[in-house]
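Asker: This is the structure I have questions about; it appears just below.
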Amino acid sequence: MSQPATPVFPAPAGGGARAVPRVEAVELVRIAMPLVAPFRTSFGVQTERDVLLVHLLGDAGEGWGECVAMQEPGYSSEYTEGAQQVIEHHLLPRILARDRIGAAELEGALAPVRGHRMAKAALEMAWLDLELRAAGRSLAEYLGAVRTEVDCGVSVGIADTTEELLETVAGYLDQGYRRIKLKIEPGLDIERVRAVRERCGRQVLLQVDANAAYTLDDADHLARLDEFDLLLIEQPLPEEQLLAHAKLARRLTTPICLDESITSAAVAAEAIEMRACSIVNIKPGRVGGYLEARRIHDVCAARGVPVWCGGMLETGIGRAANLALAALPDFTLPGDTSASDRYFRQDITQAFVLENGRLRVPTGPGLGVEVRRDVVDSLTTRRTVIRRDG
């Protein structure tokens, strides 16, 4: 089976090793971000985000990163407290042992630590922000963005009643979102989707997300979704079951999109070759960072498979980085890069505001946003500082 090529990313600035900023200290900041409304999926309900932020202090400025791990290991095996522990005790010691290290070198330096992609992605984001700020370049430019605005969809959690769901969807359409994604689970699927389709019409881009809640035995049931002209069904089966997804794809006319199953460019290539999916959701945190996300984009583009950028209830830090990624050429479907007010009454950066169903891609150095330290401080539940020895 062919393996995807690994693109070589240029250094953010010229001038040799001295161009890479030296990190003097790393601040791990935990904040509690209340959601504007509970968000229910097949794996649980969230009312707030326990967010781990990575703040780098270096000889050429600062950089910020965000870990997308959730408080409980429901969506994935990673969770916030575990991510903090592995960053503090296993990842940072390997990085800070080097005098200077670039973002593109982190993957190799951290390879001895198995897994923990969300933790690694948070560090990579912070390192990219630091380097690119120092170089005066934006993350969007560095990754190869071709758009200045990104079409936005919205993810709608499982509602208590159908009428509540219909009201919520109508509100998002009124706000201008260009695609609706419905979370589904067994028992809350066919009739809910039918109601939304009948109320909103066929012109609305509509897709569903199962978060691995079904089995291959549910194939006939899931085939009933075909009548609703859905854009896709996302991750219907457990993440490790690529072959089962390939079998299910032969039973459905609705395209299958993989999310949790896609952990690397190599896995994406294998899933596409097996015909386990025809669309891919790229979440940078899930795959270990934005450089691997770019590799997955390239693998999919080379095979004619469209991609879109998923969301993990990010603050403005992660949202800015996701918009930079979603501006790449093969991101042809609206993603989950919703406006800040979809999840938070107050963001920790400047708010991202929907304009005609789109969000603007930040163009400033690094992530292109400034962190509001007063807001971060007001939300902080824990702060740990790790300083370089010597």
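Asker: Within region 190-211, identify whether any single residue is free of Cβ contacts under 8 Å to residues at least 60 places away in the same chain and in the same structural domain as HIS89 (by TED's automatic domain parsing), and answer yes or no.
Answerer: Scanning region 190-211, I find no residue that is free of Cβ contacts under 8 Å to residues at least 60 places away in the same chain and in the same structural domain as HIS89 (by TED's automatic domain parsing), so the answer is no.
Asker: Let me ask another. Within the group GLY58, GLY74, which residue is closer than 24 Å to GLU370 by Cβ and modelled with pLDDT under 95?
Answerer: Result: GLY58 is the single residue among GLY58, GLY74 that is closer than 24 Å to GLU370 by Cβ and modelled with pLDDT under 95.
Asker: In the set ARG286, ARG294, ARG224, which member is without any contact (Cβ under 8 Å) to a residue 60 or more places away in the chain and basic (Lys, Arg)?
Answerer: ARG224
Asker: Only one of HIS221, HIS245 is touching a Cys at 6+ places or on another chain (Cβ under 9 Å) and assigned to a helix (DSSP H, G or I); which?
Answerer: HIS245
Asker: Let me ask something else about it. Give region 179-211 a look and list any residue that's of a type in the set (Gly, Ala, Ser) and loosely packed, with under 15 Cβ neighbours inside 10 Å, or say none.
Answerer: GLY187, GLY201
Asker: Could I ask something else about it? List the number of the failed condition for ALA212; all other conditions in (1) part of a loop (DSSP other than H, G, I, E, B); (2) of a type outside the set (Phe, Trp, Tyr); (3) farther than 22 Å from ASP336 by Cα hold.
Answerer: (3)
Asker: Does at least one position in region 157-168 carry a residue that is of a type in the set (Ser, Thr, Tyr), modelled with pLDDT of 95 or more and in contact with a Leu (Cβ under 7 Å, 6 or more places away or on another chain)?
Answerer: no
Asker: Would you check if VAL307 is in contact with a helix residue (DSSP H, G or I) (Cβ under 9 Å, 6 or more places away or on another chain) and surrounded by 22 or more Cβ atoms within 10 Å (Cβ to Cβ)?
Answerer: So VAL307 passes the test.
Asker: Also: What pairs can you find where one residue is in region 127-147 and hydroxyl-bearing (Ser, Thr, Tyr), the other is surrounded by fewer than 20 Cβ atoms within 10 Å (Cβ to Cβ), and their Cβ atoms are less than 6 Å apart, with a gap of 6+ or different chains?
Answerer: SER138/THR363
Asker: Residues of region 34-66 being surrounded by 20 or more Cβ atoms within 10 Å (Cβ to Cβ), under 26 Å from ALA19 (Cα atoms) and not acidic (Asp, Glu), which ones?
Answerer: LEU53, VAL54, HIS55, LEU56, GLY58, GLY63, TRP64, GLY65
Asker: Mind checking whether some residue in region 352-363 is outside any loop (DSSP other than H, G, I, E, B), aromatic (Phe, Trp, Tyr) and within 24 Å of TYR75 (Cβ to Cβ)?
Answerer: Within region 352-363 (the criterion being outside any loop (DSSP other than H, G, I, E, B), aromatic (Phe, Trp, Tyr) and within 24 Å of TYR75 (Cβ to Cβ)), the answer is no, since none of the residues qualifies.
Asker: Next question, about the same structure. Residue check, ASP226 against (1) assigned to a loop (DSSP other than H, G, I, E, B); (2) of a type outside the set (A, V, I, L, M); (3) touching a Ser or Thr at 6+ places or on another chain (Cβ under 9 Å), all met but one. Which one?
Answerer: Single failed check for ASP226: (1).
Asker: Considering only region 168-181, I want to know if a residue exists there that is of a type outside the set (D, E, K, R), part of a helix (DSSP H, G or I) and closer than 29 Å to ALA60 by Cβ.
Answerer: no
Asker: From the list PRO236, PRO255, exactly one residue is touching a helix residue (DSSP H, G or I) at 6+ places or on another chain (Cβ under 7 Å) and at pLDDT 95 or above. Which is it?
Answerer: PRO236
Asker: Kindly indicate which of ALA104, ALA97, ALA109 is over 18 Å from GLY288 (Cβ atoms) and surrounded by fewer than 20 Cβ atoms within 10 Å (Cβ to Cβ).
Answerer: Among ALA104, ALA97, ALA109, only ALA97 is over 18 Å from GLY288 (Cβ atoms) and surrounded by fewer than 20 Cβ atoms within 10 Å (Cβ to Cβ).
Asker: Given (1) on the phi > 0 side of the Ramachandran plot; (2) buried (at least 21 other Cβ atoms within 10 Å of the Cβ); (3) of a type outside the set (Lys, Arg), where does ILE262 come up short, assuming only one miss?
Answerer: The number of the failed condition is (1).
Asker: Could you tell me whether any residue of region 259-275 is hydroxyl-bearing (Ser, Thr, Tyr), under 23 Å from LEU206 (Cα atoms) and in contact with an Asp or Glu (Cβ under 9 Å, 6 or more places away or on another chain)?
Answerer: yes
Asker: Only one residue in GLY318, GLY357, GLY364, GLY310 is in contact (Cβ under 8 Å) with a residue 60 or more places away in the chain and within 24 Å of ALA212 (Cβ to Cβ). Which one?
Answerer: After ruling out the rest, the residue left standing is GLY318.
Asker: In this structure, does ASN322 turn out to be in a helix (DSSP H, G or I), within 19 Å of CYS67 (Cα to Cα) and in the same structural domain as THR148 (by TED's automatic domain parsing)?
Answerer: yes
Asker: Could you pull out the residue among ARG202, ARG179 that is of a type in the set (Lys, Arg) and at pLDDT below 95?
Answerer: Answer to the selection: ARG202.
The values are calculated or read from the model by the stated rules, or taken from the named source; none is laboratory data. Being a predicted model, the structure only gives us computed values, none of them experimental. Neighbour counts run over all protein chains shown; Cβ positions are idealised from the backbone, glycine included.
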